[in-house]
Amino acid sequence: MYATTITKDEINKMPLIQFDGKIIIATTPKTIAKALDEIKNETELGFDTESKPAFKKGQFNHVALVQIATENTCYLLRTAKWGITPELKHFLENKSQLKVGLALDDDIKALQKRLPFDSGSFLDLNKYATQMGIQNIGVKSLTGIFIGRKVSKNQQTSNWENEHLTEQQQIYAATDAWICLRIYKVIKEIERRQQNGL
């Protein structure tokens, strides 16, 4: 079974978890297309986006980074300059690849402001967890409940449009997408055990 609630104090006492696999940064339409080709046979992927923070009312910044994670590799697609390439549009619309993330409605709306597309096969862990009776949602709570670890949000408000992403930005961005896939796989295993009466 799993806890349905978790406190900030409980989370803070947990050990830190971060992505330690391979990070591939795609900065041009050609390398973005190559990255998406490499994951074309993956059926379940972690997904997230980052935008440069807006500190003034009414200010909006387009998505600067799209993160797509397998269990061992995370692709950071830099979209601030190029927007949604044809290959990325195809990926976002692809119904055969499940894209798992958190608060995905916001990500999808932000991406659609750059280029309209029909979103295909996205799973929002916040909605999924709520249906399971989880009362504390969000990446910190769900990581604590299902993985027993905490994630750092220190780079959340950094500038994702910088020419070069720092190592800390890369790890943060990769972790945000990868941890969603990890949580999803834990939930699926719990459901499998329940179905089998284990």
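The values are calculated or read from the model by the stated rules, or taken from the named source; none is laboratory data. Note that the structure is predicted; figures quoted are calculated from it, not measured. So basically every Cβ, Gly included, is an ideal-geometry build from the backbone, and we count neighbours across all protein chains shown.
List every residue pair whose Cβ atoms lie under 9 Å apart, where the two residues are 6 or more positions apart in sequence or sit on different chains, the first residue falls within region 69-96 and is within 14 Å of GLU50 (Cβ to Cβ), and the second residue, located anywhere, is polar (S, T, N, Q) and in a strand (DSSP E or B).
Close Cβ pairs satisfying both conditions: CYS74/GLN67; TYR75/GLN67; LEU76/GLN67; LEU77/GLN67; THR79/THR49; ALA80/SER51.
Might you check whether a residue that is basic (Lys, Arg), in contact (Cβ under 8 Å) with a residue 60 or more places away in the chain and within 30 Å of MET14 (Cβ to Cβ) occurs anywhere in region 113-136?
No, there is no match, as no residue in region 113-136 is basic (Lys, Arg), in contact (Cβ under 8 Å) with a residue 60 or more places away in the chain and within 30 Å of MET14 (Cβ to Cβ).
Going through PHE117, PHE146 one at a time, which residue ends up being at pLDDT below 95 and farther than 25 Å from ASN162 by Cβ?
On inspection, the qualifying residue turns out to be PHE117.
Please go through region 135-151 and pick out each residue that is in a loop (DSSP other than H, G, I, E, B) and closer than 17 Å to ALA103 by Cβ.
Hits for region 135-151 are GLN135, ASN136, ILE137, GLY138, VAL151.
Which numbered condition in (1) in a helix (DSSP H, G or I); (2) loosely packed, with under 15 Cβ neighbours inside 10 Å is the only one that ASP118 fails?
(1)
Being surrounded by 15 or more Cβ atoms within 10 Å (Cβ to Cβ) and under 15 Å from the mean Cα position of the chain (by Cα) is the filter here, so list the residues in region 129-140 that pass it.
Of everything in region 129-140, those that are surrounded by 15 or more Cβ atoms within 10 Å (Cβ to Cβ) and under 15 Å from the mean Cα position of the chain (by Cα) turn out to be ILE137, VAL139, LYS140.
Among the residues of region 8-61, which ones are of a type in the set (Asp, Glu), under 27 Å from ASN162 (Cβ atoms) and out of contact with any helix residue (DSSP H, G or I) (no Cβ under 9 Å at 6 or more places or on another chain)?
Correct list: GLU38 only.
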